[in-house]
Amino acid sequence: MTLTVEHATMPVLGRLPIHSSRAEQVAHIAEAAKQIRIQDLKLVHHAGAGHIGGDFSAIDILATLYGAVLDITPATVNDPERDRFILSKGHVAGALYTTLAAFGFLPVEELATFLKPLSALNGHPNRNKVAGVEANTGPLGHGLPVAVGHALSAKLDVSMRRTYVLVGDGELQEGSNWEAMMAASQYQLDRLTVIVDRNRLQQGATTKETNDLDPLPEKAAAFGFAVVEVNGHDHGELLDVLSAVPFRPGKPTFVIAHTHKGHPISFMSNNVAWHHRVPDAAEYQQALKELA
Amino acid sequence: MTVLETRSIADQPRYDCRDAYVETLAELAEADHRIVGVVNDSVGSSKLNSFRKAFPDRLINVGIAEQDMVGVASGLANGGRIPFVSAASCFLTGRALEQIKADVAYSNTNVKLCGMSPGVAYGELGPTHHSIEDIAWLRAIANMTVIVPADPIETAAALRWAAASEGPVFIRVSRMSVPKVYADDYSFELGKAITVREGNDVTVISNGTVLWRALAAAERLAEDGISARVLSMPTVKPLDTEAVVAAARETAGIVTAEEAVSGGGLGGAVAETVVQHHPARVKILGFPEFAPTGSAGYLLDRYGLSAEGIADAARKLITTGK
């Protein structure tokens, strides 16, 4: 198996006009999520590496953010007033690169370099090599503090730009997140949104078996956040919630997106084995069939 | 630039570099709205009360949370600010080392890390509060510049340089009082050694709070008829390899003296250079172990970082080669 440009052929979808209806937006996000999944599956299968379980858990969130929420386009990728999206769970870099390609930030054919020697598309994202990446993440518990710092800069600038950060649920076991949440609350960063990819699985077991995060909504609320729970695979719900922040003036928002690792592939979904397993030829064909 | 001519540097008035730090930071912040301070509750220990009064919104205090502090600084830089993180060096570099590596150095963000009260400045508080490892740790990280100023003048000059340059910088700011080594017209040049005393028999390379002791050591050596060259090496990374190689070539050996572990810091950098370019006798003075209880001054003396200790090491290097 070798990843080549023949495997990097996804359509570039771009954004809909701003006056598009909600139904049009939701349909657009759904199509983007489908194309991103197909392309990401090809990347992981042909490159022989990646974190497909976490990728598929997060793709609906990424497609919603880039497809209809974030005020950022390939033309404004360096604009100081752009919204910021920080992927804290940096191991789903494949999903991020594919999303960036779907919306025109990254040439689709560049996806064929994924994980190859000297590629810009490292196993964890590098802001100095990939336009649209805001922070070099990978070690867990780093994105949320960086997001708090950016949200603080926006507040100092009296700017309306927003900051979104996607964290894994297992990642919340890192104490640095809770340090950052206290600071976000103290500084009343209500244009900061933390999205938790709540798939309830970590590397080798459930979060419950490992270091249970529940009651997560109550914990986040106790740390001063406005807490909202959504179905993390429902594009309509994601769009409504992520575009509506802040929910409470003066409070940062904590969106718990309930997801399944490997969604929606029948044999991957909610299966801990698919943290970084690579689909073989038969599994690949089966997954492609299910996505089509 | 002129180096102050004095009878003995040891008799000169002493200064706390944190005063120069806060004065310069305020001056820089006044001139550039992008500059902000970031602290871990370390307002008092960084002497930043006057800064907070002058720029209340621009002193971000995240509380006692160093990992968050460094991550927040990286995010502030992403938003166009120039954060000066100001925290006890032991906690800043030890607790937040991975944030320094990933969020600052690897992300290559414009963050200035100011390690307050480094080395053994906290004396009797012991090894948990000593920061003798910071230079070795940060020197190992790509993209990181490491600066160890010797006096208030160099502290101010290095800060001005850091504010004007793009990218990650670590600067040590000492609380241990030191005499002025430089004249007021000193301007900091990255990666350049300064010959603060000419000499051809032996070389002492030093920085930070130990530099003036190295000069005092040279005074003593002169009394014995030994002409010691004293190189000030404020930039540990990138190192002035040319000056080190010249010292290796032109004098009988090199003594390094620093308020840090005796491996991996300035001494380590000098030794690596000498071994690869011009093998020579090198003696590294520093702390080879966790220090016992004692004041900062006592500990420096105990580990041979006094004028007499450095002079002894130089004499021994010349006579025995070790």
Given only helices, namely DSSP H runs of n ≥ 4 each adding -39500 (n - 2.57), what is the per-residue ellipticity at 222 nm of chain A, to the nearest 500 deg cm²/dmol? -11500 deg cm²/dmol
If you count, for every residue in B:58-71, the Cβ atoms of partner chains within 10 Å of its Cβ, what is the mean? 6
If the reach is capped at under 22 angstrom between alpha carbons, list the lysines near A:K208, excluding any in the same chain fewer than eight residues apart. A:K89, A:K219, A:K261
Hull surface over four for the Cα convex hull of the protein assembly as shown, reported in nm², is 29.1 nm²
Per 10 Å bin, what is the whole-percent P(r) computed from every C-alpha pair distance within segment B:119-235? 13, 40, 34, 12, 1
Rounded to 5, percent antiparallel among DSSP beta bridges of segment B:1-120: 0 percent
Using +1 on the beta carbon of Lys and Arg, -1 on that of Asp and Glu, and nothing else charged, what's the dipole of segment B:92-167 about the Cα centre, debye to 20? 140 debye
Simple Cβ-charge dipole of segment B:10-179, Lys/Arg +1 and Asp/Glu -1, about Cα centre, in debye nearest 20: 160 debye
Grab the DSSP H runs of chain B that are 4 residues or longer, score each as -39,500 (n - 2.57), total them, divide by all residues and round the 222 nm result to the nearest 500 deg cm²/dmol. -11000 deg cm²/dmol
At a threshold of 8 angstrom on Cα-Cα distance, excluding pairs fewer than six apart, so keeping six or more, what relative contact order does chain B reach in percent? 18 percent
From the residues B:A252, B:I194, B:A296, which one has its Cα farthest along the dipole of segment B:194-320 in the positive direction, the dipole being from +1 and -1 charges on Cβ of Lys/Arg and Asp/Glu about the Cα centre? B:A252
To the nearest 10 degrees, the tilt of helix A:93-102 (Cα long axis) against the first principal axis of the alpha carbons of chain A is 80 degrees
For chain B, with the dipole built from +1 on Lys and Arg beta-carbon atoms and -1 on Asp and Glu ones, taken about the Cα centre, which of B:P13, B:V270, B:A102 lies farthest toward the positive end? B:A102
For chain A, what relative contact order do you get, as a whole percent, if you take Cα pairs closer than 8 Å and at least 6 residues apart? 22 percent
Dimensionless Rg over Rh [segment A:5-291; C-alpha; Kirkwood]: 0.94
Spin-label model distance (nm) - A:A292 vs A:A205, 7 Å beyond Cα toward Cβ: 4.1 nm
When each of A:K155/B:K101; A:K34/A:K155; A:K42/A:K155; A:K129/B:K112; A:K155/B:K192; A:K116/A:K289 is checked by Cα-Cα distance, pairs over 30 Å: A:K34/A:K155; A:K42/A:K155; A:K155/B:K192
Dipole magnitude of the protein assembly as shown about its Cα centre (Cβ charges: Lys, Arg +1; Asp, Glu -1), debye to nearest 20: 140 debye
Three-way shape label, segment B:10-179, alpha-carbon gyration tensor, a/c 1.5: rounded
Debye log10 I(q)/I(0) for segment B:194-320, one point scatterer per Cα, at q = 0.11 Å⁻¹: -0.31
May I have the extent of the alpha carbons of segment B:78-178 along their three principal axes, as whole Å values ordered from largest to smallest? 40, 30, 21
Using Cα-Cα distances under 8 Å and only pairs 6 or more residues apart, what relative contact order does segment B:194-320 have, in percent? 30 percent
Tell me which of A:Q203, B:A243, A:H263 sits at the most positive position along the dipole axis of the protein assembly as shown, charges placed on C-beta atoms (Lys, Arg +1; Asp, Glu -1). B:A243
For chain B, percent of DSSP beta bridges that are antiparallel (nearest 5) comes out at 20 percent
Kindly provide the GluC sites (Glu not before Pro) of segment B:178-260 that DSSP labels as loop, not H, G, I, E or B, and whose Cβ sees at most 15 other Cβ atoms within 10 Å. B:E189, B:E198
Taking only the Cα atoms of chain B, how large is their convex hull per residue, in Å³? 115 Å³
Determine the sum of side-chain charges near B:C114: Lys and Arg each +1, Asp and Glu each -1, restricted to other residues whose C-beta is under 11 angstrom from that of B:C114. +3
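Here, each number is a calculation from the coordinates, and none is a lab measurement. Computed from a predicted structure; not experimentally measured. Glycine gets a Cβ as well: all are built from the backbone with ideal geometry, and neighbour counts include every protein chain shown.
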